[in-house]
Structures are given as structure tokens and as C-alpha cells.
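The values are calculated or read from the model by the stated rules, or taken from the named source; none is laboratory data. Here the structure is a predicted model, which means the values were calculated and not measured. Positions of Cβ are backbone-derived with ideal geometry, glycine not excepted, and every protein chain shown enters the neighbour counts.
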Amino acid sequence: MSNCAIEFNSVWKKFARGEKYDSLRDLIPSMARMAFRGKKREELTEREFWALRDVSFQIGHGDALGIIGPNGSGKSTALKLLSGILKPNRGSVSVRGRSSTLIELGAGFHPDLTGRENVYLNGTILGMKRAEIDKRFDEIVEFSELKDFLDTPVKRYSSGMHARLGFAVAAHVNPEVLIIDEVLSVGDYHFQEKCFAKMQEFVRRGATLAFVSHNLTAIGTLCKNVLVLRHGVPVFQGDVSAGIQKYHSFYEEETKSAAIELLDVRLRTAEGDERDIFEPGEKVIFDIQLKALEELRNCHPGLQIHTSDGQLIFVTATSRLTNRKLTLAKGETARLSFSLDLNIHGNVFLLGFTVTPEIEAPGEWLYYNPRLKRIIMTDSRKCQGFLHMNPSVEIQLENEPRGVEVGPRH
Amino acid sequence: MNTGALSVAKDLPGRLDGHASEEFGQYKELLFMLTWRDIKIRYKQSLMGFAWAILMPILVVGSGLIVMVAFAAMSGKPINKLDVLSVAVKSVPWAFFVAAVRFATNSLVMNKELVTKIYFPREILPMSAVFANLFDFFVASSVLALILIVSRVGASIYLLWVPALLILLVLLTMSCGILLACANLFFRDVKYLVEVLLTYGVFFTPVFYSASMLGKWGFLLLLNPVGPVLEGLRNTIILHRTPDLPWLAYSATWGLLGFLITWKIFQRAEASFAESI
């Protein structure tokens, strides 16, 4: 028990939806209602719902726990409870050690103050002493790359600059427990990398981390364990890759279309071997049997591939591959076979299926499921990144200095 | 490396049952920083800068003078210098009270982002609002002190009462501010009510006139706990005599009890601030 930096013991948290009484005029009726009903705090009234239901987890000192789940699953609520911003209705939360919470970068910046002044203000709000900020000021500025804008009021900053300064301050609080809500989604790629490296450094140095993100790659790299929440209920807790699979399985369940029903979906190799783990460069066939629930005229079925953190990296459609258009009467079925060379690499990818109507318009689909199948690509060790370009190299040494050993030549 | 201001072992739910004052000690720097922020912002983008700190008291003193001139015209007695200075001595602290309570009432709602995004004891927000106005009060008081010196009001041993009276004034201001900030978070029309009360409060408080002018009904003015403090300032600074001790004790009771009770209420309500704001 006492070895844990963070403990969440069967925590319940409820919220009210709809409007609140927030004018004095409404106080009297609401008090009358309360007196009439009697005060039972644990019971849900009609307008209330449980944002978290009986959630328990522990994080040992120096461990990192990722919290994932669809929108509205209670991730941020859990973090706000951890940071003390919210209090649980039932159960208990405890955090041991100097903690720092990043729910939003630069929350607490005052627009009229300069960058320099805000570093001090925000640093103090996050729990640093003035002397500490003095000591780390140069580091903070260097990290933020805003040296030339320090004496500019923050209201003139771009949102990226704002976030950079926010993260720079937060990253130098040097907490023992770091509570982070989706903050990697801001700033340019370079800065995101930098933030991520900083977070890795924290974990390496033995800080305890509770991390909410939709960036599953980041979760997978930083955390050994994940907690998967859905509708406020923990559905999985344990090894990170199993947790990410569980998370994706939520989306496989949901297919929504009034026009088309998928009867059969298969992912196989050319030899007919059905699986979901493939090697880079392997050829796969994606078979789909669909049934028209209403009349379809000249529609275009298509494929999408997303990375596990939601980046769209590949799109195709029958309209790009063939002249044949798909026209089906109500109740008719069709079978499609897409063939692909999987020149992707070392990650989990999501294969989606879409059907667009004859006249295409953004966001209008006859069928849309971007996460129909999960594809796990093995790592070829030849390269890094999403793409597998089957690299090779030839090296030839020229003007070799005499007498220096340069190793074997081919 | 536990040099941080945050608690080393904080049990969050336990905080409500008594660790609060302990924890509060660790947040002194934040209180200072937020006070500094409020002062800085006020002076940063204003046309008048420090003149702002004395504008409000000048307006209050000015209206007090008009009231006095009117009284003098009716009663036929000439205005004497000490009466004018009395109004000034009472108006400046009253102006502080009004400004500080107004500012503190809005402090939680104005800092919504901090309340919903970052954890720290929320008492700091109304408190820093009061302290920021205290700074203005000191600026105005320095000007007033100069005027008093030039007017040769003179000094006496009774001036030793002044710090105690001012502490009591801050305590009363703080109690009002803490309670109203909390109320305004849950009920947004509290601030309008506060505006009205503060605007007309000057007539229910011995600012422009002294309680004795109302004869046997004078005690009504002193029922407002700020009243005896203002009268006390006048007695000690201008008239060089001991303040009315029973009434002062009455104020002090309000100040101490009020502070304890409003503090407790605030602590209770604090748990639901972030979801109710």
C-alpha cells in the first residue's frame, strides 16, 4: 500500500448534466426541493450521471500508467481527481510526493503579463519557489525557444508559443508525480518530439507518471501498463499492448449505416491465410461482402489506413482503381476484393472501409468505419517510421588514407 | 529534492478535515505571486498608474465634503478643519473596504481557468484580491498621512491603536470577500447584489458623518461592524482619544468569528468549485 505513489480506491464521481441553478432566484426553489426530498448525496438524481464508477488503480513509485478510452469515458475526470481539482463522491484518492498537474498547457497565464512575468506566475502556481524559478529560468527559456519574446505580453503569442512556454515551465517543476492530460497534441512536430523526450526523461529519472492521451504510440512508448476506461468503468488494466487492442476493439463493434450492411469481412494473404499480423511488404487481400439496405446508384467503396494514433496515411477507392461503378438494388449483395502491398512497418494500423455516394461531399458517407480491421505490422529492423521502403545500401570507400584500419569492405 | 511548495504527503480527501492550515503555509508564495499579479495588471495598462490608487478615495472624500457642506449650511455652524480631516480618515479605509470586497467577490469566477485546471487552495484567490487592494490602500494612506502631517493634526500615544484597527478592518474585509467569492461562484447574481449593497452601504456606515450625529439612534450605524473601526480611526488619529472599547469589541467579535465561519464554509464548498463554476 505505502509503496504506491498514487492510489485510487473504488472511486465514484458524479456530475449533473443540464443547467445548474446559478442565480439566487433559483436558490429558493432548489432549497425547497432539497428539504422536501431529504439530502441523500449518494443517490443519483434524474439529472445526474456517474462519470466514474468504482475505479481503482495504483501506480507504484517510478511507474508510468497510461489511461486511454474513447471521448467521454472519464479519463480527464480521473486526472482531475488525482490532482485534487475535483473530489470523489465515494472512495478515496491519494497522491504521495510533490505532484504537478498538466491539464492544460499555460493555464494560469495572464494575457497582459509578459512571457517573463508569466514564467514566474505559472511556476509559482505549479508549486515552485521563486528561488527555484530563478535558478531554472534560463533552462525554461531555452526549452521554450522564446528568448526573443520574453518581454512581449502573452496575449500577443500564437497558440503554439503559448503552449511552448506552458510546457517549458511545467517541465521544469521537477515533480515526483506527474499528471498529464493530452498535451502532446499542440505545437509543431519538432516541439511535440521535444515534449515527449522530456517526459521520457522524467520517467527515466524515476518520476511517477499518470498519462492520458489519444496518442497511442506515445502511450505505448512511455507506459508499461494502461487502464482502459469506457463510460466511466474500467474495462481493462494491465499490459499496454493488450490494452491498446482492447481499446481498438471498441471501434470494431460500432458500425453505423442505414444504407449498407457488411455481411463478411476478411483479411488474408494471397494464399488464403487469414490473420492480422503481417510482415512489411507482404501482399494482402481484403474481402468484403456487402448488402444494400436501400437502392445504391454508382457509389464508390474505398479503403483507408490510419496509424494507431489516428493519422490518415492511405486512401483509395474503386473510382480510382476501375471504371466499374457499384449499383445495387435493395437487398442485393456484392463482393469486393481489394489487394494491397503492405509497405508499412512496425506499428499497429487500422484498416477502414468507406462507401461514398455518387456525388461526393465531404463528411457524407453511405458507410463509414475507419477502424474495421486492425493490422499489426512486424518490425523489419531495416528502418524506422511508418513506411517500409525496403531499403538497401552499398558502401564504397574512396581516397582511403593509408595505414588506417577502416573495417571490412564489400 | 523536496524543496517544492506542494505538500510532501498530501492525502487529498483528508485535506478538508484539518490539514488545510498546514498546507496553506506552503502556499504563501503563491499568495504573494497572485497579489503581485493583480497589482501589476492594474497598473500596467492604465492611463493613470498609481493615481488610480488615490482616485477612488478622493472621490469618496469629495462626496463626503459635499455632504458636510450641506450639513453646515443647514445647521448654520461653520465647517471646522478636524471634521474635514475626519471624513478623509474614514473615507480612505471605506474606499479600501468597498474595492476589496468588490474585487474579492469576483475573484473565483474571474480565475475560472485556474479553478478548473490547476489545484491549489482556492482561498488564495479572494485573499490575494484583498491584499492587492491593500496595496492601493497603502498608497492612498501615504498621501493621507502627508496631508495629516501638513495639517498639523499632531501625534499621540493613541496612534498605537491604528495597526490593530487596520488588522481588524482587513479581517472584516477578508471575511466578506471569502464568503461572497464563494457565493458568487454558485450564484452569479451575487455580484449585482454586492454592487448595490456596497454603493448604498456608505449611508449605513459612519463615513461622512459620525454616529453621534444621529443621537440616540447612532448605535444603528455602529451595528455594521466596519462602523466602529472607522470611528475608532477617527478617535485615535484626529481626536487623540481611546476608541469606544465595547463597540470595538463588538467589531472584533464579528471579525474573528466571521473569519473562522466564512473560512469553514469556504472549505466545505471548495470541493465542488471546479464542477460548479
| task | Go through the stretch A:116-133 residue by residue and tally those that are free of Cβ contacts under 8 Å to residues at least 24 places away in the same chain and more than 24 Å from B:Tyr119 (Cβ to Cβ). | result | 0
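Among the residues of the stretch A:66-82, is any part of a helix (DSSP H, G or I), touching a Gly at 6+ places or on another chain (Cβ under 7 Å) and of a type outside the set (D, E, K, R)? Give the steps one after another, and end with the answer.
To start, the set of residues in the stretch A:66-82 that are part of a helix (DSSP H, G or I) comprises A:75-82.
Now drop any that are not touching a Gly at 6+ places or on another chain (Cβ under 7 Å), which leaves A:75.
Next, only the ones that are of a type outside the set (D, E, K, R) stay: none.
For the stretch A:66-82, residues part of a helix (DSSP H, G or I), touching a Gly at 6+ places or on another chain (Cβ under 7 Å) and of a type outside the set (D, E, K, R): absent.
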| said: Which numbered condition in (1) crowded, with 21+ Cβ neighbours inside 10 Å; (2) modelled with pLDDT of 90 or more is the only one that A:Asp151 fails? | reply: (1)
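With the condition being of a type outside the set (D, E, K, R) and over 30 Å from A:Pro357 (Cβ atoms), I'd like the strands (runs of 3 or more DSSP E) fully within the stretch A:207-304 carrying at least 2 qualifying residues.
Numbers: elements: A:208-212, A:225-230, A:233-239, A:260-269, A:283-292.
It comes to A:208-212, A:225-230, A:233-239.
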| said: Whether any residue in the stretch B:71-86 is within 13 Å of another protein chain (Cβ to nearest Cβ), basic (Lys, Arg) and not in a helix (DSSP H, G or I) is what I want to check. | reply: no
| note | Out of (1) in contact (Cβ under 8 Å) with a residue 60 or more places away in the chain; (2) closer than 23 Å to B:Tyr158 by Cα, the one B:Gly201 does not meet is (2)
| task | Consider A:Phe236 carefully, then state whether it is modelled with pLDDT of 85 or more and touching a Leu at 6+ places or on another chain (Cβ under 6 Å). | result | no
| query | If B:Phe103 passes every condition in (1) in contact with a Gly (Cβ under 9 Å, 6 or more places away or on another chain); (2) free of Cβ contacts under 8 Å to residues at least 12 places away in the same chain; (3) of a type outside the set (Gly, Ala, Ser) but one, which one does it miss? | reply | (2)
| On the given criteria, is A:Asp341 of a type in the set (Asp, Glu) and under 18 Å from A:Phe286 (Cβ atoms)? | yes
| request: Go through the stretch B:75-102 and give me each residue that's aliphatic (A, V, I, L, M) and modelled with pLDDT of 85 or more. | output: B:Leu82, B:Val84, B:Leu85, B:Val87, B:Ala88, B:Val89, B:Val92, B:Ala95, B:Val98, B:Ala99, B:Ala100, B:Val101
| query | Out of (1) more than 9 Å from every other protein chain (Cβ to nearest Cβ); (2) in contact with a helix residue (DSSP H, G or I) (Cβ under 7 Å, 6 or more places away or on another chain); (3) not hydroxyl-bearing (Ser, Thr, Tyr), the odd one out for A:Lys155 is which? | reply | (2)
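Considering only the stretch A:43-85, state which residues are within 14 Å of another protein chain (Cβ to nearest Cβ), more than 23 Å from A:Asp309 (Cα to Cα) and touching a Phe, Trp or Tyr at 6+ places or on another chain (Cβ under 9 Å).
Matches in the stretch A:43-85: A:Glu48, A:Phe49, A:Trp50, A:Ala51, A:Leu52, A:Lys80, A:Leu81, A:Leu82, A:Ser83, A:Gly84, A:Ile85.
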| remark: Selection from the stretch A:99-122 of residues buried (at least 24 other Cβ atoms within 10 Å of the Cβ), more than 22 Å from A:Phe15 (Cβ to Cβ) and facing another protein chain (nearest Cβ under 7 Å) yields A:Ser99
